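Chemist: Here it is: the structure, laid out below.
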Amino acid sequence: MRIAESELIINADGSVFHLHMKPCQLADTVIVVGDPERVAVFASLFRDIEHRGSHREFAFVTGTYKGRRMTVLSTGIGTDNIDIVMNELEALANLDFVTREFRPERRKLTVVRAGTCGAIQPDVPTGSLILSHYSIGFDGLMNWYADREKILDLDMEKAFVEHMNWLPALPRPCIVRNSEKLIKLFSPGTVSAITVSAPGFYGPQGRVIRQGLAMPDMLDRVESFRYAGMKICNIEMEGSALAGLAAHFGHDAITICVALANRYHRKADVVESEAVAGLVKFTLDRLAEMR
């Protein structure tokens with residue numbers, strides 16, 4: 001099937017529309033971060049830099065770390081941006097930009113989100129590295145795609161909706177399991193978690209600055225949810241879309257975040273630059289070990 005020009009725009013220089021990246025510039029191992037400035041933190045540890053580029057909030061560097069070729073790409077904030085990033089990464093990996101048809105032999109990507117989050121459990125201190133075994137999307141993005149039942153954990157979804165007394169006016173939560181291969185790779189030294197991906201930083205994460213909340217006890221209900229021996233340990237803003245679209249496209253994906261705050265204890269007492277530096281080194285070293 002040929003992808004029409006209106007459905008996937010390819011720039012005059014042969015790069016994909018939003019990311020401004022060409023297929024030859026994409027490595028099989030991709031690290032995604034929210035902040036464009038964080039790309040430089042990763043790149044500072046690369047031995048060789050092959051490609052650089054930026055457009056809007058999307059900045060990328062492709063280089064080598066301990067012999068492994070990797071691309072680091074910023075996404076900006078939110079699952080809506082992940083929708084752009086994952087679809088364009090899939091095109092870069094598997095679409096022939098000349099014929100605009102997908103190649104018969106698929107290229108499989110490893111995509112790791114290295115980000116920041118807020119912990120919500122009393123026993124998860126700030127500075128912890130939290131690994132998302134499951135991601136719960138509060139945004140409803142995956143409901144726009146066909147075959148949601150093939151990639152989502154519907155039993156956990158049902159249990160979560162009932163536990164939360166979920167409001168019908170809100171998007172139905174989507175719960176997806178992250179890559180088993182990457183869970184195994186990153187588990188040592190991390191906190192195993194169910195993670196919420198929220199469509200905002202304030203109200204959707206239970207913060208009140210001025211306007212009250214539709215679910216005033218949301219954070220308490222999230223903290224008390226248990227399923228199959230696991231609990232929700234943190235809230236961030238991108239992981240569910242990453243895991244869901246990767247599952248649809250046949251890529252491996254996972255989210256690992258460092259906790260900059262603990263919502264249960266109402267503390268934010270870590271130095272972000274130091275915490276992120278530790279996350280960067282941890283992520284690169286684990287990916288360098290991947291087979």
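Chemist: Specify which residue in the list 84, 242, 110 is farthest towards the positive end of the charge dipole of the chain, using unit charges on the beta carbon of Lys, Arg (+1) and Asp, Glu (-1), about the Cα centre.
Modeler: 110
Chemist: Could you tell me how many degrees, from 0 to 90 and to the nearest 10, lie between the Cα long axis of helix 154-164 and the main elongation axis, the longest principal axis, of the Cα atoms of the chain?
Modeler: Tilt of helix 154-164: around 40 degrees.
Chemist: What's the FRET efficiency of residue 40 with residue 180 using the Cβ-Cβ distance as r and R₀ = 41 Å, to the nearest 0.05?
Modeler: After rounding to 0.05, the efficiency reads 0.80.
Chemist: Next up: Would you kindly work out the equivalent ellipsoid of region 1-103 from its C-alpha gyration tensor and give its semi-axes, the square roots of five times the eigenvalues, largest first in whole Å?
Modeler: 24, 16, 11
Chemist: What FRET efficiency comes out for the pair residue 226/residue 47, r = Cβ-Cβ distance, R0 = 45 Å, nearest 0.05?
Modeler: Using R0 = 45 Å, I get an efficiency of 0.50.
Chemist: A follow-up question, please. Could you please state how large a percent of the accessible area of the chain is carbon and sulfur, counting protein chains only and using a 1.4 Å probe?
Modeler: The C+S portion of the solvent-accessible surface of the chain is 52 percent.
Chemist: Then there's this: Would you mind computing Rg(Cα) / (2.2 N^0.38 Å) for region 165-291, counting N as its residues?
Modeler: 1.15
Chemist: Quick check: Cα centre of region 192-254 to Cα centre of region 37-115, how many Å?
Modeler: 24
Chemist: Right, here's the next one. How much accessible area per residue does the chain have, counting only protein heavy atoms and a probe of 1.4 Å, in square angstrom?
Modeler: 45
Chemist: Relative to the Cα centre, what is the charge dipole magnitude of region 173-253, using +1 at the beta carbon of each Lys and Arg, -1 at the beta carbon of each Asp and Glu, and rounding to the nearest 20 debye?
Modeler: Working: 8 positive and 7 negative charges, 18 e Å.
Its charge dipole is roughly 80 debye.
Chemist: Set the Förster radius R0 to 22 Å, insert the Cβ-Cβ distance between residue 217 and residue 170 as r into 1/(1 + (r/R0)^6), and round the FRET efficiency to 0.05.
Modeler: That gives a FRET efficiency of 0.95.
Chemist: Please work out whether region 41-188 counts as rounded, prolate or oblate from its C-alpha gyration tensor, where a ≥ b ≥ c are the square roots of the eigenvalues and a/c under 1.5 means rounded, while otherwise a/b larger than b/c means prolate and anything else oblate?
Modeler: Oblate, because a/c is 1.5 or more while a/b does not exceed b/c.
Chemist: Run the paramagnetic zone check for residue 150: 7 angstrom along Cα to Cβ, then residues of region 95-132 with backbone nitrogen under 16 Å.
Modeler: Only 106 fall inside the zone, counting backbone N under 16 Å.
Chemist: Follow-up question, since we're still on this one. For the chain, set up a GNM with springs between Cα atoms under 10 Å and report which of 87, 234, 178 has the largest fluctuation.
Modeler: 87
Chemist: Using a/c under 1.5 as the rounded threshold, could you call region 119-210 rounded, prolate or oblate? The axes a ≥ b ≥ c are square roots of the C-alpha gyration tensor eigenvalues, and prolate needs a/b larger than b/c, oblate otherwise.
Modeler: oblate
Chemist: Would you pull out the residues with amide H under 5 Å of residue 30's amide H, same chain only if 5 or more places away, H placed 1.01 Å from N?
Modeler: Placed amide hydrogens put 71, 110, 111, 112 under 5 Å from residue 30.
Chemist: Tell me, for the chain, which Cys residues have no other cysteine's C-beta sitting closer than 4.7 Å.
Modeler: That list is 24, 174, 233.
Chemist: If you count, for each residue, the other Cβ atoms within 10 Å and average over each peptide, how do 126-132, 245-251, 279-285 line up from highest to lowest?
Modeler: Details: 126-132: 22.4, 245-251: 20.6, 279-285: 18.1.
Ranking the peptides 126-132, 245-251, 279-285 by packing returns 126-132, 245-251, 279-285.
Chemist: Pairs 22/281; 158/281; 66/158: which exceed 32 Å Cα-Cα?
Modeler: Checking Cα-Cα distances, 158/281; 66/158 exceed 32 Å.
The values are calculated or read from the model by the stated rules, or taken from the named source; none is laboratory data. On a predicted model such as this, the values are computed, not experimentally measured, just so you know. We place every Cβ from the backbone using ideal geometry, glycine too, and count neighbours over all the protein chains shown. Accessible surface areas use protein heavy atoms only, side chains included; no ligands, DNA or RNA. Shrake-Rupley method; radii C 1.70, N 1.55, O 1.52, S 1.80 Å.
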